[in-house]
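Data block below; observations after.
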Amino acid sequence: MSDATTADATTQAAHHDEPTVRQYVEIAGALSVLTLMEFSTYFVEFGWLHIPILLTLMAIKFGLIVGFFMHLKYDTRLYTRLMVTGLVGALTLYGIAFLAIAEVPTLMGS
Amino acid sequence: MRRTPSRSPRRAPRPGRVLRGVGLALLALVLAGCSGAQTMLDPQGPFAEAPDDLFKAVMVVAAVVFVFVQGLIIYTVVRYRRRSDDDELPKQVHGNTRLEIVWTVIPALILAGIAVPTVQQVFALAEEPEGAMTIEVIGHRWWWEYRYPDSGVITANELVIPVDTPIHLEMRAEEAGSADRGVLHSFWVPALAGKQDVFPGRITTLNMQADTTGRFLGQCAEYCGLSHANMRNRAEVLEQDEFDQWVAEQQAPSDVAAAFAELTPEQLEAQEVPEGVDEQVARGHYVFQSNCVACHGQISDTAVASADDFVPRTGPNLTHLLSREEFAGAIFDLYFREDPDDPNSAFTDEVDVELLTSWVRNAPSLKAMRPGDGIGMNSFESLPQDELDAVIAYLLTME
Amino acid sequence: MSAAVEETSLGLDNRKLAMWVFLGSEFMFFGAFITAYLMYLNTTAGGPDGEIFDIVYTSVSSFVLLMSSLTMVLAHHAHEQGDMRRMRMWILATAFQGLVFVGGQAYEFTKFFKEGLVPTASPFASSFFVLTGFHGVHVTVGIIMLLGLWSYSRVGKVKASQPLKTEIIGLYWHFVDVIWVIIFVVVYLIPWG
Amino acid sequence: MATTTAPPQARSRSVFSRPTALDGFKGYLATTDHKKIGIMYFWSVMLFFFLGGVTAWIIRAQLASAESTLVTEEVYNQAFTLHGLTMVFLVVMPLGAAFFNYLIPLQIGARDVAFPRLNAFSFWTFLFGGLFLYSSVLFNAIPNGGWFGYAPLSTQIPGDNMAFYAVGLQIVGISSLSAAVNFITTILNMRAPGMTFMRMPVFTWMTLVTNFLLLFALPIIAVALFMLNGDVVFGTQFFQPATGGDPVLWQHLFWLFGHPEVYIMILPAMGIVSEVMPTFSRKPLFGYAAMVFAGVAIGFIGFGVWAHHMFTSAVGPVARSAFGLTTMFIAVPTGIKIFNWVFTMWGGKVKFTTAMLFSVGFVSMFTIGGLSGVTHAIVPHDAQQTDTYWIVAHFHYVLFGGALFGLVSGIYYYFPKVTGKLLGEKLGKWHFWTWLLGFNLTFGPMHMSGLLGQPRRTAVLPAELGTDVALYNVLSTAGVAVLTVSASIFLFNLVTSLRSGEASGDDPWDARTLEWMTPSPTPYVNFYEIPEVTARDEFWERKYAEAEDGSLRPVPAGASQDHDPSTSPASADEHGDEFPATAGGTATVDTSGNAKASPDDVALPEDEALAKATPDDHGGDTEHIHMPDPSYWPLIMCVGLLPLGYGLTFANPALLVVGALWLMMGLFGWILEPVAEGDDDDPEPSAAAA
């Protein structure tokens, strides 16, 4: 698969299974298609599925970028854990704060 | 911005008072603080008692744990202290799983025991009690306003409630008549209930009920800026019939106000003196109209029919000023005390006119305020002395 | 990798590890802004609301930023192979796309200003501008870093043997992109109303 | 590879030549040495501690009598706001940082932190942040909205007071965040060979947890402060009820940071106590794994209890219950720690040095704070307690009786390591007993005055309440006087011991962990040779071996596992002044801890940097020891934060531009600075390999 890289002395052993240029371009293509799908939801009504669809597309894009472009798929798990800690921490904490704010009656006027 | 001496000599503790205070405080210590002007240890109604019972139960547990742990520490350091000639190494113990489980599980069980009634109470206290009387509480910088939707009464600083009746407070903060201006306050009468913060633009609620009549103290408990310390409140608990009488009195316009209500607009324009009204008092009315109404509202505003008629205001309603015992955010006594040295002794019938006068003349010198920003009362130093005296005379009719 | 890396306890490069540690904390940073935005969706104080967004315009600039991630990763790839000429080309391309995005954002902001959506208009407007504005600041910092990388590699300060430098800047760049992936959906696309 | 190698970069790229001074004033300004930075943290903290004490005096003098007119409400409000900010952000937190800086590389067997220049940057940013906050005095705009800065009050106070609050804390936050990234990387990645996670000293563990708390909590307050800054200075509407902004959002964001902050302050102290107790009990820490687990658990649960600061706010019953429960159960890991400390002493031979006294004091006082803390979890009654002196008493028992006792214990314990001298024990005991007395006299009575209804943050003690609480307030004020005397004893002790303290030797306490393997004072290079770690209490294991009868016997000098005389503690006194000079290396090191480097030596050809020894290469005296180079850039870059900060405070675009450009210039200078070797830049190995 990786043909262009083998000759180079500086190629890192740990990195040899990283994607090739071609794969990078393919991933970018996938990202473009996903973005186009996201964009299309602006014109099409999916009913109650609308938000879940958008969030799913977003999650896939997120996964592709961090997994391949940021090499999390190939790097040490520690990096993934650091990112997931931040991500899950933010989702949980702000989620709870959001729920707590939502629990009390809203402001009077506004 | 220093307070002028006119306040401090009255309130500053004299040596005798300090000694007396020390004596009282020692007594309070002996009684574990079971009495006191603002204590949270002496609840006077179910909404304060339930948390208090829980607290005291937890304090017993905490005391046991405290004695155990501190005893253990003292025993350990005494028993295992190193003698000077002792070079022998102790046995190198790294841990003991069984012990660790014990002191993980036992505290967890104790806490679980506390958790159950706590959660039950949280939900119970949040419910609006049945048959509750609703009172609106409005936090201003820096005084409390109370509005009684059922009777149309508006008053300030002293929350008057009937005994044995559940009270449901609907609270918010306001400023200069605007419901979404203002800052956070916290309404608190420890004897009757815990505190609840008050917000601009949002309504929070608090339930309370008094089992005994009496006068209970509180003060704003959420930092609200410059004069936060000078925002005090009292709860005056009356027998039901006394309360009904109080409401009736509050609803009735004062005699002077009634007399002025008889005048035609032309007569008012001409600043005429109504029949049966002292001339100086009448003069005071007109001075009040041109200087005070903008913030304190019309004197007759109090007797209104429904909550919709409430006019937002910057200063407290003064129609029945003399029915209150304190003023200016309840930091000053309107009436002299029976014992001038005891700030908690009963009130006499004699109004402290001198203090009231100096307040009207230059309020910002007695209480830190920001009248320039529309928060607090202006100084009326420029008002001629005779007009000032007239206003005071007028105010002294507002029984 | 380098001798320095083999010495470390985890066998990781300090700088790359530090970048990941930092990015972990950045999620909390943007999370708070997004929370505030979601909270204030309907708090427009009578001013403009989300209807004002031009989805087509934003989709294009989002796409540009997304593609800058591709050029970024290609730059890193080229650097790993020691092809500094190509690496510099991709870095410039990435920085250029970043500039297009930031320029687009600046244009979008001025348009909003004219239509009455200013940061002082309402909590909704404040949280929108602060969220997207801080993202814009992040992109700008990224562009500065990219241009720095480009010029350093030209003068030999960044060598072909140091693809890690490109990788670390790339991590930051992709992170900024990923945050926009979230913002694009949450702020612009989801019809919350 | 044709494009690879540019010629070694000439030094001319940098505006300044890389500073070489390691001593004296200049040496401190440019230092990247974690030990010097730790010492600078310490003295800065002493300055701010004095200022915090002054504000405490204003508060206590005013409250000594009812209806006092000693200071105005405005002055009082500024005093308690500044007192809180100073003690939290400029005393307890950075005092912890002082210990991280000095100890972490020593405890994990490293020569420095992962990013020495970033470390210097953190320190200068902290110092400038603190000075920025205090510069509000010059503008008559001392923050006066409380350390918690509740909106919308904080946005409505006229003047720049709360702008100084928002920007000042932001700057201090930048310092802590960069330090957190640095220390997490250091601890994860710079440990000596053999030091697994479960062999790390407990202080290192607690530092790791603390810095993770900082890492995830600081961005939250940063966002909140940006919003507040916007509302105060630039007219945004985040917390303005008039346009629908919700003040509760500020409360959630503030306490989402604010509660982990409590553990950020207490965990380092817990770590220190966990070092001191085993040493003076001559026993290993009881239940190491449980201690570590409890610390991590506290860190986790610490993120889930924030709303217990808001039980009387606009928070519904479900949230009140949930946060009440989490608050209760954070007591469990705390309890585990307390029992483990007691059982560390149990069965030991406890020696009561001043350090040990402070540690025992910590356990005892912290228990009181913990017990009163449990009462806050009784949500219905918390509505009575909150914002009264009961709370003030509680958190001072945690932060003063806890954090500060632990940190002071650390000062006595580590003073010999830093200076080579003992911190006077006799005065130390005076210090401890007056400190304990003064502390309990000040904060003990506050429990009572709180229960009797005295609210916090009130400039005037009402007369009608004064009769009930007068005694307690007088006692509290008297307590501050005792504390002042005590602090003076401490300062006197510190100064006299620095000048003429008794020589301590390298290992005065018969300690257990790696930092004591180095000579005292710690030499510039920390370890002449990076030790190989085989056990949890590595140093202790090297000193004592099990005899045939099962008892422990000291290992004879020279017979330790590590045969190099220069690291062997038993012979540490004998190696004298002749540390083997590095041949052609950057720094020649003598045992007084001063490295001498000549400018010529510093600019090394790059390939020579490759000679850097790997840890397993115990080459002895031919070893090159590469220490990070000093640099002015951290300091220079920090200066740029000041115009930026004042620009954000006064909404001055010119200052903002100046600050931003300055920071950019600083950043580029930082990056372009020539690297002698061994800095956080690549050692350029592949160039030579090719």
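Read-outs throughout are calculated quantities, based only on the coordinates presented, and are distinct from any laboratory measurement. Because the structure is predicted, anything quoted here is derived from the model rather than measured. All Cβ positions, even for glycine, are placed from backbone atoms using ideal geometry, and neighbour counts span all protein chains on display.
Brief remarks follow.
- Each residue of chain B gets 207 Å³ once the volume of the Cα convex hull is shared out per residue.
- Positive contributions from Lys and Arg (+1) and negative ones from Asp and Glu (-1), summed over other residues with Cβ under 14 Å from the Cβ of B:Arg82, come out at +2.
- Adding -39500 (n - 2.57) for every DSSP H run of four residues or longer, then dividing by how many residues the protein assembly as shown holds, sets the calculated 222 nm ellipticity at -18000 deg cm²/dmol.
- Helix C:123-155 and the long axis of chain C differ in direction by around 20°, with both axes built from C-alpha atoms.
- Summing charges over neighbours of B:Glu326, with a neighbour being any other residue whose Cβ is under 12 Å away from its Cβ, gives -1 when K and R count +1 and D and E count -1.
- In this Cβ point-charge picture (+1 for Lys and Arg, -1 for Asp and Glu), the stretch A:14-75 has a dipole of about 40 debye about its Cα centre.
- Near the amide H of D:Met190, within less than 5 Å, lie the amide hydrogens of C:Ser9, all on another chain or at least 5 residues away, with H placed in the peptide plane.
- For chain C, the longest principal axis of the C-alpha atoms and the axis of helix C:55-80 are separated by about 10°.
- Protection-proxy order for peptides B:170-180, D:259-269, each taking the mean of Cβ atoms within 10 Å per residue, highest first: D:259-269, B:170-180
- Phi-derived couplings, Karplus 6.51 cos²θ - 1.76 cosθ + 1.60 at θ = phi - 60°, listed residue by residue for the stretch D:25-41: 4, 4, x, 6, 4, 9, 5, 10, 7, 4, 6, 4, 5, x, 5, 5, 4 Hz, with x used for Gly and Pro.
- FRET efficiency for B:Asp373 and B:Ser290, using Cβ-Cβ distance with R0 set to 22 Å, rounded to 0.05: 0.45
- Only lysines eight or more places from D:Lys26 in sequence, or on another chain, were considered; those with a Cα closer than 27 Å are D:Lys35, D:Lys36, D:Lys417, D:Lys421, D:Lys596.
- Under the Karplus curve 6.51 cos²θ - 1.76 cosθ + 1.60, θ = phi - 60°, whole-Hz ³J(HN,Hα) for the stretch B:319-336, x wherever Gly or Pro sits: 3, 10, 3, 6, 7, 9, 9, 9, 8, 6, x, 6, 9, 10, 7, 6, 10, 5
- Per-peptide average of other Cβ atoms within 10 Å, ordering D:382-394, C:101-113, D:129-141 highest first: D:382-394, D:129-141, C:101-113
- In terms of its C-alpha gyration tensor, the stretch B:250-395 comes out rounded, because the ratio a/c of the largest to the smallest axis stays below 1.5.
- Taking only the C-alpha atoms of the stretch A:14-75, Rg followed by Dmax gives 14.2, 47 Å.
- Computed log₁₀ I(q)/I(0) - Debye formula, equal Cα scatterers, no solvent, the stretch D:402-517, q 0.11, 0.14, 0.17 Å⁻¹: -0.51, -0.68, -0.84
- FRET efficiency for A:Leu55 and B:Gln120, using Cβ-Cβ distance with R0 set to 41 Å, rounded to 0.05: 0.60
- The protein assembly as shown: radius of gyration over Cα atoms, expressed as a fraction of 2.2 N^0.38 Å: 0.99
- Most fluctuating residue given options B:Val61, B:Val102, B:Val137, as computed from a GNM of chain B linking Cα atoms under 10 Å: B:Val102
- In terms of Cα atoms, the Rg and Dmax of the stretch D:34-500 work out to 21.3, 67 Å.
- Between the amide H of B:Val153 and those of B:Tyr148, distances stay under 5 Å, these residues lying 5 or more places away or on another chain, with hydrogens modeled in the peptide plane.
- Beta bridge orientation in chain B: antiparallel %, DSSP, nearest 5: 70 percent
- Counting only whole DSSP H helices of chain B, the ones at least 24 Å long by C-alpha along their axis and with mean Kyte-Doolittle hydropathy no lower than -1.0 are B:46-79, B:97-126.
- Peptide D:225-231 is shielded by partner chain Cβ atoms: per residue, an average of 3 of them sit within 10 Å of its Cβ.
- Each residue of the stretch D:67-76 was assigned a 3J(HN,Hα) from its phi angle through the Karplus expression (A = 6.51, B = -1.76, C = 1.60, θ = phi - 60°), giving 6, 5, 10, 4, 10, 7, 4, 4, 5, 4 Hz with x at Gly and Pro.
- Gaussian network model of chain C, Cα within-10 Å springs - most flexible of C:Ile52, C:Ile169, C:Ile143: C:Ile52
- For the residue pairs A:Lys73/C:Lys159; C:Lys111/C:Lys165; B:Lys91/D:Lys429, alpha carbon separations beyond 32 Å are given by C:Lys111/C:Lys165.
- Build a GNM of chain B with springs between Cα atoms under 10 Å apart, and of B:Ala229, B:Ala50, B:Ala63 the one that fluctuates most is B:Ala63.
- Among the residues of B:178-186, the average count of other protein chain beta-carbon atoms within 10 Å of the residue beta-carbon is 6.
- For the segment D:340-353, counting C-beta atoms of other chains within 10 Å of every residue's C-beta and taking the mean gives 6.
- Antiparallel bridge percentage (DSSP; both residues within the protein assembly as shown; nearest 5): 75 percent
- Förster radius 51 Å - calculated FRET efficiency between B:Asp164 and A:Val33, Cβ distance, rounded to 0.05: 0.10
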